[in-house]
Each structure stands twice: as structure tokens, then as C-alpha cells.
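Asks: Here it is, the structure in full.
The values are calculated or read from the model by the stated rules, or taken from the named source; none is laboratory data. Here the structure is a predicted model, which means the values were calculated and not measured. Virtual Cβ from ideal backbone geometry, glycine too; neighbours counted across all protein chains shown. Keep in mind that these areas ignore ligands, DNA and RNA; they rest on the heavy atoms of the full protein, side chains included. Shrake-Rupley method; radii C 1.70, N 1.55, O 1.52, S 1.80 Å.
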Amino acid sequence: MDGPLLLTRVVRKVTIPVELIDGQGDTATIQVECLSPEQTPRSLLGILCNDLLVLCRDASDGKDALSPVDLWAVLRMQTLPQPASIVHGNGMASF
């Protein structure tokens, strides 16, 4: 399975400095990992090979079928022994 796709958002894990103030008024800076979304649409080609998704960037933007592509990312698809399901009926989902 393969074909073109438009990636609309990328989320990366980044480390940012955060200042903390303790009870005595002293400050300390710590590093905190968080997620940072990027809103940069990218036209990519996706190729699904078993449990790998290969994402490539077409330098010709689809104008040349024989154009070489640049490897953008290789993602491993997570395989779970059973699909996710809702186990509580109170609006809280458990996976």
C-alpha cells in the first residue's frame, strides 16, 4: 500500500527550562520534557511495508514519476495483542 499524503502536524518531544520557586522564595531552574506541535504541512509519499511506514519527500512534487525521493521518516507501527476497547461506561476510556 502506498500513495501521497499531506502531513498537517508534527509533534516533537522537546526539553524546556522551567523556573521553580520553593516555599522560602528561592528559585531553581529545571529541565522539563513536553510535547511541542509544529503546524507545517508537508506533502509526503507513504509506503506501508508490513509493520513499517516509510515516509518520503518527493522533490518534484509529483511532476516526475521517476524522480528520486528523500527519506523523511521510518515509523514502526505498534502491534497490540488485542485492539483498544472501552471498559467503563462512565465516559472514562481505558486502553
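Asks: For region 50-66, how many residues are open to solvent by less than 60 Å² (accessible area, probe 1.4 Å) and free of Cβ contacts under 8 Å to residues at least 12 places away in the same chain?
Replies: 1
Asks: Still on this structure, please answer the following. Could you look through region 6-15, keep only residues that are of a type in the set (A, V, I, L, M, F, W, C) and touching a Lys or Arg at 6+ places or on another chain (Cβ under 9 Å), and pick out the one that is most open to solvent (accessible area, probe 1.4 Å)?
Replies: Result: 6.
Asks: Any idea how many residues of region 1-45 are hydroxyl-bearing (Ser, Thr, Tyr), part of a strand (DSSP E or B) and under 29 Å from residue 61 (Cβ atoms)?
Replies: 2
Asks: List the number of the failed condition for residue 42; all other conditions in (1) under 14 Å from the mean Cα position of the chain (by Cα); (2) open to solvent by 90 Å² or more (accessible area, probe 1.4 Å) hold.
Replies: All conditions are met except number (2).
Asks: Restricting region 16-25 to residues that are of a type in the set (A, V, I, L, M) and open to solvent by less than 90 Å² (accessible area, probe 1.4 Å), which is farthest from the chain's Cα centre (by Cα)?
Replies: 20
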